Amino acid sequence: MPFGGGNKCGCCQKTVYFAEEVQCEGKSWHKSCFLCMVCKKNLDSTTVAVHVDEIYCKSCYGKKYGPKGYGYGGGAGTLNMDTGEGLGIKPEAQAPHRPTSNPNSSKFAQKAAGSDVCPRCGKTVYAAEKVVGGGNSWHKGCFRCAKCGKGLESTTLADRDGEIYCKGCYAKNFGPKGFGFGQGAGALAHSQ
């Protein structure tokens with residue numbers, strides 16, 4: 001214990017006296033300083049997650065240091081456009097999305113000299129990189145929603161006029177509109 005009556009707080013570096021002390025990872029903290037570094041929520045022994053000398057709530061820790069990518073959603077089928085910039089995470093730059101530029105959307109107009117041609121980029125699609133969806137052959141990298149650029153699978157796409165979309169963009173752009181056709185579980189249903 002240093003001269004002055006108590007250990008130094010891991011946050012404010014002031015003396016922590018016994019009555020206001022919280023210990024974590026061998027360090028002392030004031031109860032009022034034992035907060036998540038990001039969202040400033042009060043922490044306790046069951047909600048704290050430590051990374052080096054920083055303390056986080058489990059939610060912010062997971063967002064900042066947890067696994068990322070497809071399949072690591074925020075729960076119960078949620079989608080999220082949070083890039084993590086508020087947590088100090090630098091978003092990865094994505095290649096700009098290019099919608100299909102082929103004016104002829106016919107399935108048969110896509111074939112050239114017996115080989116498959118990708119409707120998105122117009123280049124030949126070879127067997128090793130071929131993905132079939134919407135009646136066409138696509139490169140794996142081109143098999144994305146025409147509106148938002150999200151990667152698709154054969155079970156997650158909807159096609160219209162030779163173009164492919166994720167189910168969300170398809171519903172927004174081509175689905176029913178008006179009262180009673182809201183998006184999500186909390187939408188009101190209108191019956192006649």
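In the structure shown, do any of 63/167; 27/64; 123/167; 130/150; 64/150 have a Cα-Cα gap over 28 Å, and if so which?
none
With a 1.4 Å probe and every protein chain kept in, tell me what percent of the accessible surface of region 1-67 is carbon plus sulfur.
55 percent
The values are calculated or read from the model by the stated rules, or taken from the named source; none is laboratory data. None of the values given here were measured: they were computed from a predicted structure. Note: accessible area is taken over every heavy atom of the protein model, side chains too, but ligands, DNA and RNA are not part of it. Shrake-Rupley method; radii C 1.70, N 1.55, O 1.52, S 1.80 Å.
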